[in-house]
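The values are calculated or read from the model by the stated rules, or taken from the named source; none is laboratory data. A quick note: this is a predicted structure, and the numbers were derived from the prediction, not measured. Cβ placement follows ideal geometry from the backbone for every residue including glycine, while neighbour counts extend to all protein chains displayed.
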C-alpha cells in the first residue's frame with residue numbers, strides 16, 4: 001500500500017500537471033496567432049505545422065496599416081479614446097452610486113438597490129433596441145457621446161464597489177466631517193484611496209469591456225472615420241479572408257492595449273475581486 005505522504009505528493013503532481021495542460025490549451029491559440037502574424041499566407045497552410053517560421057516577415061503588419069477604405073491607426077485612436085472615456089464614466093458613476101447606497105442612507109434604499117441589481121438579469125442585447133431608439137430621438141446616433149452614454153448605468157460596477165465600501169469603517173468619515181471636510185472631499189480623498197484594489201479591478205473590467213465591444217459600436221457608428229478597432233477588424237475578414245497572416249497581425253495589435261492595462265493592474269486585481277465579494 002502506498003504511503004500517505006507519497007499519495008499526497010502524487011495528487012499534488014497530478015494537480016500541477018492538470019493546471020499546466022489547461023494553461024497550455026489556453027495559451028496555444030495566442031502563440032499560433034503571433035506565429036502566423038509573421039508568416040506568409042502560403043506558409044500558414046503548410047503541413048506539418050511550423051510554429052517557428054523559417055523566414056519571418058512583417059508584411060502582415062505593413063498591410064494592416066495600408067488598408068484601403070479603412071484606417072487602422074484612426075480606428076485604434078477611436079477605440080483607445082472611447083475606452084478611456086467610457087471607463088472613466090463607468091468608474092465615477094458606479095463609485096458615486098455605491099457610496100450613496102452605503103453611506104448616505106435614504107428611505108427605501110435597500111429596495112431601490114434590489115431593483116437596480118435585478119437589471120443584471122436582463123441581457124445587454126435586449127436593451128440595445130430601446131437604447132438605439134432613445135439615441136435616435138436625442139440625435140446622438142453616429143456620435144461618441146451616444147456610444148458612451150449607456151455606460152452611465154453600470155449595475156455590476158455599482159455592486160462591486162458597494163461590496164468594497166461596505167467594509168469601510170464609518171469612524172473615518174465621522175472624523176473627516178468633524179474636521180470640516182465636505183462630502184466630495186471625503187469621497188475622493190478618503191474613500192476612493194481605501195478601496196483602490198477593487199477600483200483597479202473595476203477599471204480593468206470596464207476597459208476590457210469597452211475595448212472588446214463590437215455590436216454596439218457597429219449599430220451606433222456609421223461614419224468610417226469614427227469606427228472602432230473591433231469593427232474594422234471585423235471588416236478585415238471580408239477584405240483579407242485568404243490572407244490569414246494579415247488578420248492575425250491585426251488581432252495581435254488589437255490585444256496589446258488590453259494586455260498593457262492588465263499588466264499595470266495585475267497586482268491589485270486578485271485582492272480587489274476578493275474584497276468585492278466575488279472570491
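Here are a few things to note about the model shown:
- Hits in region 46-57 (condition: surrounded by fewer than 11 Cβ atoms within 10 Å (Cβ to Cβ) and farther than 23 Å from residue 255 by Cβ): 47, 48, 54, 55
- Scope region 58-87; condition outside any helix (DSSP H, G or I), touching a residue at least 40 places away in the same chain (Cβ under 8 Å) and surrounded by 13 or more Cβ atoms within 10 Å (Cβ to Cβ); matching residues: 67, 70, 71
- Meets criteria (loosely packed, with under 11 Cβ neighbours inside 10 Å and assigned to a helix (DSSP H, G or I)) for residue 118: yes
- Qualifying residue in region 125-133 (condition: under 30 Å from residue 260 (Cβ atoms), surrounded by fewer than 17 Cβ atoms within 10 Å (Cβ to Cβ) and out of contact with any helix residue (DSSP H, G or I) (no Cβ under 7 Å at 6 or more places or on another chain)): yes
- Every pair of residues 6+ apart whose Cβ atoms lie under 9 Å, when the first sits in region 5-31 and is part of a helix (DSSP H, G or I) while the second is surrounded by 10 or more Cβ atoms within 10 Å (Cβ to Cβ): 30/252; 30/255; 31/51
- Here residue 268 fulfils each of the conditions (1) closer than 26 Å to residue 71 by Cα; (2) at pLDDT below 85; (3) surrounded by 15 or more Cβ atoms within 10 Å (Cβ to Cβ) apart from (1).
- Index of the failed condition, residue 222 passing every other in (1) closer than 26 Å to residue 127 by Cα; (2) under 16 Å from the mean Cα position of the chain (by Cα): (2)
- Checked against the criterion of being under 28 Å from residue 259 (Cα atoms) and modelled with pLDDT of 90 or more, the candidates 58, 82, 28 yield just one match: 82.
- Whichever residue in region 92-148 is without any contact (Cβ under 8 Å) to a residue 24 or more places away in the chain and at positive phi and, among such residues, is farthest from the chain's Cα centre (by Cα): 108
- Test result for residue 38, touching a helix residue (DSSP H, G or I) at 6+ places or on another chain (Cβ under 6 Å) and modelled with pLDDT of 75 or more: no
- Residue within region 214-222 that is modelled with pLDDT under 85, part of a helix (DSSP H, G or I) and either in contact with a helix residue (DSSP H, G or I) (Cβ under 6 Å, 6 or more places away or on another chain) or over 30 Å from residue 117 (Cβ atoms) (or both) present: no
- Looking only at region 154-195, and only at residues there that are assigned to a loop (DSSP other than H, G, I, E, B) and free of Cβ contacts under 8 Å to residues at least 12 places away in the same chain, the one that is farthest from residue 86 (Cα to Cα): 179
- Flag if residue 109 is modelled with pLDDT under 85, surrounded by 12 or more Cβ atoms within 10 Å (Cβ to Cβ) and in contact with a helix residue (DSSP H, G or I) (Cβ under 9 Å, 6 or more places away or on another chain): yes
- Remark: pairs (first residue in region 210-237, free of Cβ contacts under 8 Å to residues at least 60 places away in the same chain and at negative phi; second residue buried (at least 17 other Cβ atoms within 10 Å of the Cβ) and in a loop (DSSP other than H, G, I, E, B); Cβ separation under 7 Å; 6+ apart in sequence or on different chains) are absent.
- Residue ID - nearest to the chain's Cα centre (by Cα), chosen from residues in region 240-257 that are surrounded by fewer than 16 Cβ atoms within 10 Å (Cβ to Cβ) and at pLDDT below 80: 241
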